[in-house]
1. Tell me which of these residue 321 doesn't satisfy, since it passes every other one: (1) within 20 Å of the chain's Cα centre (by Cα); (2) open to solvent by less than 10 Å² (accessible area, probe 1.4 Å); (3) closer than 30 Å to residue 186 by Cβ.
2. Before we move on, is residue 148 under 16 Å from the mean Cα position of the chain (by Cα), among the small types (Gly, Ala, Ser) and either under 14 Å from residue 249 (Cα atoms) or surrounded by 15 or more Cβ atoms within 10 Å (Cβ to Cβ) (or both)?
3. Say whether the condition of being under 18 Å from the mean Cα position of the chain (by Cα), farther than 30 Å from residue 466 by Cβ and among the β-branched types (Val, Ile, Thr) is met by at least one residue in the stretch 285-308.
4. If you check residue 385 against the conditions, is it modelled with pLDDT of 90 or more, crowded, with 22+ Cβ neighbours inside 10 Å, of a type outside the set (Asp, Glu) and not in a loop (DSSP other than H, G, I, E, B)?
5. Scan 372, 427 and give me the residue that is among the hydrophobic types (A, V, I, L, M, F, W, C) and either open to solvent by 10 Å² or more (accessible area, probe 1.4 Å) or closer than 21 Å to residue 321 by Cβ (or both).
6. As an exercise: evaluate residue 265 against (1) at pLDDT below 85; (2) open to solvent by less than 10 Å² (accessible area, probe 1.4 Å) and give the number of the one condition it does not meet.
7. Can you spot a residue in the stretch 397-419 that is modelled with pLDDT of 85 or more, over 21 Å from the mean Cα position of the chain (by Cα), assigned to a helix (DSSP H, G or I) and farther than 29 Å from residue 282 by Cβ?
8. Testing residue 304 on (1) open to solvent by 10 Å² or more (accessible area, probe 1.4 Å); (2) in contact (Cβ under 8 Å) with a residue 24 or more places away in the chain, one condition comes back false. Which one is that?
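The values are calculated or read from the model by the stated rules, or taken from the named source; none is laboratory data. Keep in mind the model is a prediction, meaning the values are calculated, not measured. Cβ atoms come from the backbone with ideal geometry, glycine included; neighbour counts cover every protein chain shown. What goes into the accessible areas is simple: the full protein's heavy atoms, side chains included, and nothing from ligands, DNA or RNA. Shrake-Rupley method; radii C 1.70, N 1.55, O 1.52, S 1.80 Å.
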Amino acid sequence: MDLIQNFPFVSILLCLAGGVLLSVLKARQARYVCFGLLSVITTLSVFTFIDAMNRKESYVYSMGHFPAPWGNEIRIGILEAGMAVFFCVILLLSLVGGLYKIVEEIEESKQNLYWTMISLLMSSMLALIYTNDLFTAYVFVEINTIGAASLIMIRENGHSIVATTKYMIMSLVGSGMLLLSISMLYDLTGHLLMSHMKEAIVDMAKTGAYEVPLTVIIALICVGIAIKSALFPFHTWLPEAYGYATASSSAILSSLVSKSYIFLLMKVFYRVIGLDVMIEHKTNHILFWFAIAGMMMGSLNAIKEHDIRRMIAYSSIAQIGYIYMGIGLGSEAGMIASVFHILSHSASKALLFISSAGLSSVSGDSKEFRDLKGAGIRNKIAGVGFLVGAFSMVGIPLFAGFISKVYFAGATLLATPVQMGVGLLALALSTILNAVYFMRTVILLYTPNRQKILVDFQNGMAFISSIGGFVILNFILGFGSYYMITLIERGLACFA
């Protein structure tokens with residue numbers, strides 16, 4: 001076995017061990033160790049990605065080299081390794097950009113716990129990306145939930161505690177559904193490894209055995225993950241969770257945590273149930289209609305908001321609808337568009353949350369639109385960052401979000417006549433609604449404010465580097481979309 005084949009497992013293990021170490025360090029020490037650890041994980045992920053590119057096919061790493069059913073497995077391919085690299089980069093940029101807010105808004109005695117939860121969260125997201133075992137996926141879903149809830153609650157104000165309570169209630173319902181579905185799958189198939197489950201389910205589908213239990217299992221998995229990823233109408237926890245967490249936490253929650261659950265659902269589609277069986281049970285059609293509703297309702301709620309952070313949060317509901325719409329099309333083209341939108345939305349939404357923190361800092365720490373007038377002039381770096389993120393979300397040509405919408409439109413053209421008509425109409429209406437609330441905000445940010453506002457905030461190099469990194473990433477996704485799509489196609493080809 002090549003040394004590089006150990007890197008994914010080592011990355012997960014390092015993050016778990018790092019979480020233990022960070023919990024006993026002081027705030028400053030924990031910060032430095034966490035950034036060092038994440039840098040190492042990013043480097044290992046890059047080497048893993050290069051190795052996966054050279055192999056051109058997925059491979060399985062067995063824990064302790066024990067075969068099933070005793071052993072556990074992770075599976076590494078181009079798509080998994082690429083997603084791991086992307087998650088590491090987004091996480092690092094989000095933490096760097098919101099570092100000053102972490103120092104300001106979290107008590108120094110508890111900052112080491114923040115870095116502990118970041119490390120555990122990274123381990124869980126990497127595990128969800130790589131795992132080939134469904135029960136292991138559930139274990140790390142729970143670690144993900146605990147880490148995410150901690151990032152929201154650690155500010156310890158009234159809003160964050162209420163937001164965490166809502167998040168935990170909804171998330172535990174989703175986790176319960178997921179655990180119940182895994183238990184039923186194990187009862188039907190006798191396996192926990194995804195590939196073995198799929199073989200048993202394909203045989204059942206051919207004979208028509210256990211059709212009703214299998215339908216119930218599919219429903220439980222889809223609803224459970226839909227709750228945890230905030231698909232409409234299971235989104236009610238999201239605005240408070242994203243709106244009242246610290247800037248880095250909001251960026252990480254919106255761009256990474258929800259996407260790790262969606263990536264797990266894609267693995268279930270391909271590796272556990274099988275795409276053909278999912279389509280046969282009309283699962284994709286149901287997800288498609290919920291996604292369309294989410295695209296509309298998320299945007300309409302965003303238009304009504306007067307708080308910039310909550311507006312961005314409601315926008316996430318609409319964008320998650322886009323991803324589920326691609327999955328709901330039930331085609332390779334739809335999946336490719338969804339995977340690319342995971343990348344483009346993550347890069348753009350994290351940029352928006354970090355930029356909004358900089359805009360708020362030069363507006364008396366207010367997030368209300370009435371106080372943000374002219375903030376883009378007072379803080380030019382944050383203003384440019386918000387402008388790029390907004391253009392991407394609206395779908396201005398050459399930005400990452402525009403490429404996503406082009407591929408979604410192309411995928412709907414290959415769908416059934418009903419899906420094609422509804423999908424294209426939803427894309428058009430959603431784009432108009434996106435333009436309404438994002439362009440309104442951009443105009444407000446660059447409208448001179450005649451009232452004198454005292455500004456004692458100076459952008460640090462960390463903040464400038466983060467905004468610059470996100471802007472460059474957006475343009476890479478926009479201008480280099482052909483290469484990204486090619487990699488996604490290659491990744492999906494060996495994903496099943």
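1. Condition (3) is where residue 321 drops out.
2. So residue 148 fits the description; yes.
3. no
4. In short, yes.
5. The match here is 427.
6. That leaves (1) as the condition not met.
7. The answer is no, given that none of the residues of the stretch 397-419 is modelled with pLDDT of 85 or more, over 21 Å from the mean Cα position of the chain (by Cα), assigned to a helix (DSSP H, G or I) and farther than 29 Å from residue 282 by Cβ.
8. Unmet for residue 304, out of (1) open to solvent by 10 Å² or more (accessible area, probe 1.4 Å); (2) in contact (Cβ under 8 Å) with a residue 24 or more places away in the chain: (2).
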